[in-house]
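Peer 1: What follows is a single structure, and I will ask about it in a moment.
The values are calculated or read from the model by the stated rules, or taken from the named source; none is laboratory data. Remember, it's a predicted structure, so these values are computed and weren't measured experimentally. All Cβ positions, glycine included, derive from the backbone under ideal geometry; neighbour counts span all protein chains shown.
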Amino acid sequence: MHKPDGSFPSPDHDHGQCLNDALSAAERLCAERGARITPARRRVLELVWQRHAPVGAYDILSEMQKDADRDGKPGARVAPPTVYRALEFLMEQGLVHKVESQNAYIGCSHPEAGHDCGFLICRNCGAALEVEDGELNALLNSLARRHGFKAEESTVEIKGLCPACMSAAA
């Protein structure tokens, strides 16, 4: 799902493998947890993992509607609650994260355990890399405690340029 060194994937990487890894991990983890991956939930997860950039719920809805039209069900409407319920389930299972600044969703690179996370988001191409750093989590918790605040979860979003966009600009 992500490169072993935790870096941005190269533009020519095998994204199909990322998608297959994410779906396999989701099916395994849900089976272990007694949670059910329905066809709609699976399709939403596939659409979230279509690229390494956050995707909005209405973009997912639009793609699911195209699926229904292609499957010979023109006029069959996919309702927004279907997508939002699937996203809620996937977040509860730790399979996707919400990128709050974009009101969009991205696949979790390490869904095996709950965790706070951060994202490096390219302002040029939109690619996002999930980063997990114990030192950052400790710092954020320390800051919260210092101010009498009990942190329950945190997400850090850092915007800038990914390596591919920096190379292209040079």
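Peer 1: Do we have any residue at all in the range 14-31 that's out of contact with any Leu (no Cβ under 8 Å at 6 or more places or on another chain), closer than 18 Å to GLU157 by Cβ and of a type outside the set (Ser, Thr, Tyr)?
Peer 2: So far as the range 14-31 goes, no, none of its residues is out of contact with any Leu (no Cβ under 8 Å at 6 or more places or on another chain), closer than 18 Å to GLU157 by Cβ and of a type outside the set (Ser, Thr, Tyr).
Peer 1: Next question, about the same structure. In this structure, is ALA31 among the aliphatic types (A, V, I, L, M) and either crowded, with 17+ Cβ neighbours inside 10 Å or in a loop (DSSP other than H, G, I, E, B) (or both)?
Peer 2: no
Peer 1: Condition (residue is among the aromatic types (Phe, Trp, Tyr) and outside any loop (DSSP other than H, G, I, E, B)) applied to the range 115-134: is it met by at least one residue?
Peer 2: Yes, the range 115-134 contains a residue that is among the aromatic types (Phe, Trp, Tyr) and outside any loop (DSSP other than H, G, I, E, B).
Peer 1: Determine which member of the set ALA40, ALA53, ALA26 is out of contact with any Lys or Arg (no Cβ under 9 Å at 6 or more places or on another chain), among the hydrophobic types (A, V, I, L, M, F, W, C) and modelled with pLDDT of 85 or more.
Peer 2: Numbers: ALA40 fails: out of contact with any Lys or Arg (no Cβ under 9 Å at 6 or more places or on another chain); ALA26 fails: out of contact with any Lys or Arg (no Cβ under 9 Å at 6 or more places or on another chain).
Answer to the selection: ALA53.
Peer 1: Which condition from (1) surrounded by 15 or more Cβ atoms within 10 Å (Cβ to Cβ); (2) among the aliphatic types (A, V, I, L, M); (3) out of contact with any Asp or Glu (no Cβ under 8 Å at 6 or more places or on another chain); (4) in a loop (DSSP other than H, G, I, E, B) is the one that ILE37 breaks?
Peer 2: (3)
Peer 1: Testing VAL78 on (1) modelled with pLDDT of 85 or more; (2) of a type in the set (A, V, I, L, M, F, W, C); (3) over 26 Å from MET166 (Cα atoms), one condition comes back false. Which one is that?
Peer 2: The single condition VAL78 does not satisfy is (1).
Residues are listed down the side, and each one gets a yes or a no for (1) in contact with a helix residue (DSSP H, G or I) (Cβ under 7 Å, 6 or more places away or on another chain); (2) more than 30 Å from ASP12 (Cβ to Cβ); (3) part of a loop (DSSP other than H, G, I, E, B); (4) free of Cβ contacts under 8 Å to residues at least 60 places away in the same chain:
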site: GLU63; (1), (2), (3), (4): yes, no, no, yes
site: LYS66; (1), (2), (3), (4): no, no, no, yes
site: THR82; (1), (2), (3), (4): yes, yes, no, yes
site: ALA86; (1), (2), (3), (4): yes, yes, no, yes
site: GLY148; (1), (2), (3), (4): no, yes, yes, yes
site: GLU152; (1), (2), (3), (4): no, yes, yes, yes
site: CYS165; (1), (2), (3), (4): no, no, no, yes
